[in-house]
Amino acid sequence: MGLMQIPRKIEYALRAMIYLADSREGVASGDAISAREQIPKHFLEKVIRDLIRRGLVRSRRGPGGGYQLARPADAISFRDIIEAVEGPIMLNVCLDGTNSCNLQSACRMYRVWEDGQRALLDVFSQATLKEIAASTPALSFLSRPTTTLQAEAAKP
């Protein structure tokens with residue numbers, strides 16, 4: 001089964017930013033983020049560099065140093081984070097604005113890609129880091145008793 005999948009780089013950036021938003025001290029070390037979020041340290045450093053470059057994270061040197069959000073969590077959207085590490089979000093290459101596809105003017109799928117792009121950007125733009133950090137994990141399916149899961153799996 002093929003599926004559209006978020007690249008690891010985006011997932012790691014989102015997890016690191018949520019960790020920083022959760023940090024009571026406001027500052028977290030790279031080691032703490034890496035260990036808690038299970039992000040390889042070398043990969044985390046690359047992601048953090050991108051987030052610093054885009055003005056989402058700041059680094060503090062010295063004792064008690066580490067990383068912290070550069071803006072309030074309610075002023076950072078998932079879209080901001082995704083685009084900081086991967087560039088503009090594009091559901092399909094034909095939506096990049098360059099008219100690089102020769103079939104675009106006759107394409108019957110273009111409107112669907114365009115609608116999907118708009119919906120995706122809306123969801124990612126509206127989901128703030130503060131909102132996500134304040135939410136609880138969606139583990140309701142996984143936390144149900146095994147017998148309930150087995151009964152549901154047996155249903156036709």
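Every number here is computed from the coordinates shown, using simple stated rules; none is lab data. All of these numbers come straight from a predicted model, not from anything done at the bench. When we count neighbours, we look across all protein chains shown, and the Cβ atoms used for this are built from the backbone with ideal geometry, even at glycine.
Viscosity 1.002 mPa s, temperature 20 °C: give me the Stokes-Einstein translational D for the range 58-143 in µm²/s, with Rh taken as the Kirkwood radius over C-alpha pairs.
Estimated diffusion coefficient is 133 µm²/s.
Okay, which of the range 114-138 sit inside 20 Å, backbone N to the point 7 Å along the Cα-Cβ direction of residue 9?
Within reach of a label on residue 9, which here means backbone N under 20 Å from a point 7 Å along Cα→Cβ, the range 114-138 contributes 121, 124-125.
Could you give the length gained by full extension between residue 108 and residue 127, i.e. 0.36 nm per residue of separation minus their alpha carbon distance, to one decimal place?
Going from the current span to full extension adds 3.8 nm.
Loop-only GluC sites (Glu not before Pro) in the range 5-53, please: DSSP not H, G, I, E or B, and at most 15 other Cβ atoms within 10 Å.
Taking the range 5-53 and a limit of 15 other Cβ atoms within 10 Å, the loop GluC sites (Glu not before Pro) found are 25.
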